[in-house]
Amino acid sequence: MSVAITSFAVFAASQVGTPGPANMALMATGARFGFRAALPFVAGVALGKQLVIWPVGFGLMELADRAPWIFEALKYASAAYIIWLAWKVANMRLGTGRETSTPPGFAAGLIVHPLNPKAWAMIVGGFTAFVAPGTPTLEATLTIALILLGCQVFLHPLWTLAGDAIARTVAGTAYEPYLMWSLAALTVASVLFVLFGGGT
């Protein structure tokens, strides 16, 4: 009666490290404002997943069984919000505004994962696939929370750094619009894959 720690850690790293709405937001923020200015946003994104993990661990799954339509509606509302953010990214230009613009902060980062269908799918999958029946709720939830947080602390800054590095190369060039539209397209594609492709 426990959590399959090693297996879940591999699963978590593969999910946290691959493209998704949160990582695309991190990359776009790093590209727009630079790595250092984006760090409060990165911290918010990392901790925001805890706002999903703990309610799921302590009974939200039961509500999902009783009223699945609530979560279905939430999934599509969240997807619409992420796609709206992608539209904003697509029309954003890096230019020379890094020093004068205000980057999204910690609070903005906190809401990314609660509105991220990939995060919900990942967390629900973690509880259903890697937690043995009869495992104490606190043990299961704490284990999943710590493993995911560890993966995020390591991998989320890498996506932000990648955005920063790419921006230094293309800011102010003819390639800049293509970069921003590509980031937006990847964000939308990741949401659509979660909604219709059965992925996490």
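Computed quantities for the displayed model
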{"quantity": "Estimated inter-spin distance, residue 162 and residue 76, nm [label 7 Å along Cα→Cβ]", "calculated": "3.1 nm"}
{"quantity": "Residue-wise HN-Hα coupling along the stretch 34-49, computed from phi with Karplus coefficients 6.51, -1.76, 1.60 (Hz; x: Gly, Pro)", "calculated": "x, 4, 5, 5, 7, 4, x, 5, 4, 4, x, 4, 4, 7, x, 5"}
{"quantity": "Per-peptide average of other Cβ atoms within 10 Å, ordering 17-30, 123-136 highest first", "calculated": "17-30, 123-136"}
{"quantity": "For the stretch 5-44: rounded, prolate or oblate by the Cα gyration tensor [a/c cutoff 1.5]", "calculated": "prolate"}
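Bear in mind these aren't lab numbers, they're just calculated from the coordinates by the rules spelled out. These figures come from a predicted structure and were not determined experimentally. We place every Cβ from the backbone using ideal geometry, glycine too, and count neighbours over all the protein chains shown.
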